Amino acid sequence: MSQPGRLPRVRVTDRPISADRLARSVASPHAGAIATFEGVVRDHHGGKSVAFLAYEAYAPMAEKILQQIASEAARRWRIEAVAVHHRTGRLGIGEVSVAIAVSSAHRGEAFEALRYVIDTIKERAPIWKRETGPDGSFWIEGPDYVRAGD
Amino acid sequence: MSQPGRLPRVRVTDRPISADRLARSVASPHAGAIATFEGVVRDHHGGKSVAFLAYEAYAPMAEKILQQIASEAARRWRIEAVAVHHRTGRLGIGEVSVAIAVSSAHRGEAFEALRYVIDTIKERAPIWKRETGPDGSFWIEGPDYVRAGD
Amino acid sequence: MREVLRIRVRLFARPREICGTDTLDLELPVTATASDCFTALASRHPELKSLREALMVAVNEEYAQWNTQLADGDVVALIPPVSGGCGRAGTWPR
Amino acid sequence: MREVLRIRVRLFARPREICGTDTLDLELPVTATASDCFTALASRHPELKSLREALMVAVNEEYAQWNTQLADGDVVALIPPVSGGCGRAGTWPR
């Protein structure tokens, strides 16, 4: 059995992550809603097929930023708890790169905070994605693709 | 291990339900996002404490309505799959009454479809909630509380 | 064939409590609508009358209008406001 | 105390590939800013120059302005556009 109480609310890790474990960790008797999000490696991007991704993070700074984002969400919406884990390293199709769970008394707040957290991570967390497919490896820099060197 | 392929996409059941099992059942190589929602029995409602809830459904009609709502979401947003389970019977604090999972290539669609599904269930599914607390039992009829007879 | 409709009525939540059962069978005139079904039931269980404005009706597991003509063997369900709804039948999605 | 700043530079993604390392140490004049740190690095690795407009900078694990004055022992990180960002540094939240 997992030990939800001991699960860190924010973590950047090269081990597998799970929205379900986070959901259990944010549960509370006051929570009527638990919403989760998983970012998953998919087999295509921009019309090209994808074999695998590699995530690289500035881990200590990324954990600080995730904590900031979680705190912003908790200030902005009336939520019970929020947890965010981001994975690094090589991930195959179907593997989870980011997992988020939010609990709240009423569902509207959980949905809005969840959306804010993932959108803001994608803007602000120092985590980079290298995509490998039949044409080689590319860094995904916002809307741009840039060929990777290794 | 669960057998995701065999999990019905829509179900009204008196057995425990789990968003995580639904999340696994909607996963696909094309999905880059999986969003879930769980409605959970919480310990308060409208300023009053709650001991437990009892959900009563017109089960065959409720399953048809859940299927309609899922189909509407799939027509309206570009999603990979959606699954919805609703529980009936007596549920204690922390137990899951409704679980939904949506997968999609891009996260925006998963969020919007998920929100649509839960909001529409709450409007349209023939499922009723009886709340028991220190003052007795009440049917929750939209914004109204009505004392229950048993 | 007898000149009546045999209708099964399904009851939930408060209407179920009021009628003391979740299922009952009625015989109605062949011209009966869903509304006539309600009226027949409310004549046996007058407490139902005050709920009429808040109730929706389903025929054979589909939401229906109160003026829907019934057919022999139809299943009519009285649908009280659901928990997350706004409580006004007129605004429910159709 | 020597009249230089010892600065550690952290590199990720493309800048890491260009420089061939994820960490390097520079000695900079005591008046150096984060921008001066980049210029010193780009003089060794000219390929970095074309990235300048797209890069953000962090000092001691916090986003910073390019004109931030550095102090001895600071850790400067070059932050390429992140995967979900819009790619224009000026619009990043601060």
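Taken together, the values in this text are just the output of simple stated rules run on the coordinates, not laboratory data. Quick caveat: nothing in here was measured; it's all calculated off a predicted structure. Heads up, the Cβs are rebuilt from the backbone with ideal geometry, glycines too, and the neighbour counts pull from every protein chain shown.
Other residues lying with their Cβ under 12 Å from the Cβ of B:S71 contribute a combined charge of +3, Lys and Arg counting +1, Asp and Glu -1.
Here the protein assembly as shown is assigned +1 on the Cβ of each Lys and Arg and -1 on the Cβ of each Asp and Glu. Its dipole about the Cα centre then comes out at about 240 debye.
With distances taken between every two different alpha-carbon atoms, the protein assembly as shown has a Kirkwood hydrodynamic radius of 25.5 Å.
Tell me the net charge near B:D14. Cut-off is 12 Å between Cβ atoms, B:D14 excluded, with +1 for each Lys or Arg and -1 for each Asp or Glu.
It works out to a net charge of +2.
Evaluated with a Cβ-only charge set (Lys, Arg +1; Asp, Glu -1), segment D:4-79 carries a dipole of roughly 200 debye about its Cα centre, given to the nearest 20.
Need the C-alpha centroid separation for segment B:71-150 versus segment D:9-71, integer Å. When both Cα centres are located, 51 Å separates them. Across segment B:93-150, Cα-Cα pairs more than 13 Å apart make up 70 percent of the total. Of the residues B:D20, B:D43, B:D135, the one that moves most in a GNM of chain B with alpha-carbon contacts below 10 Å is B:D135. Here segment B:61-126 is treated as a Stokes sphere of Kirkwood radius computed over C-alpha pairs; at 4 °C and 1.567 mPa s its diffusion coefficient rounds to 105 µm²/s. Neighbours of C:A34, meaning other residues whose beta-carbon lies under 14 angstrom from its beta-carbon, give a summed charge of -1 when Lys and Arg score +1 and Asp and Glu score -1.
For chain B, adding -39500 (n - 2.57) for each run of n ≥ 4 DSSP H residues and dividing by the number of residues yields -9500 deg cm²/dmol at 222 nm.
Remark: relative contact order (segment D:4-79) = 43 percent; criterion is Cα-Cα distance under 8 angstrom and separation of 6 or more residues.
When D:K49 is represented by a point 7 angstrom out along its Cα-to-C-beta vector, the spacings to that point in the other copies are 9.3 nm, nearest first. Rounded to the nearest 20, the Cβ-based charge dipole of chain A about its Cα centre (Lys and Arg +1, Asp and Glu -1) stands at 440 debye.
In units of the rule-of-thumb radius 2.2 N^0.38 Å, chain D shows an alpha carbon radius of gyration of 1.03. Helical runs assigned H by DSSP (4 residues or longer) give chain D a calculated mean residue ellipticity at 222 nm of -5500 deg cm²/dmol, each run adding -39500 (n - 2.57) before division by the residue total.
With respect to chain A, whose longest principal axis is taken over its alpha-carbon atoms, helix A:59-76 is tilted by about 40°. Solvent-free Debye calculation, one equal scatterer per alpha-carbon of segment B:1-110: log10 I(q)/I(0) at 0.12 Å⁻¹ equals -0.44.
Using a 7 Å projection from Cα along Cα-to-Cβ, the label point at A:R78 is separated from the same position in the remaining copies by 3.7 nm, smallest value first.
Axis angle, to the nearest 10 degrees, between helix D:34-44 and the longest C-alpha principal axis of chain D: 90 degrees. Using C-alpha pairs below 8 Å separated by at least 6 residues, the relative contact order for chain B is 31 percent.
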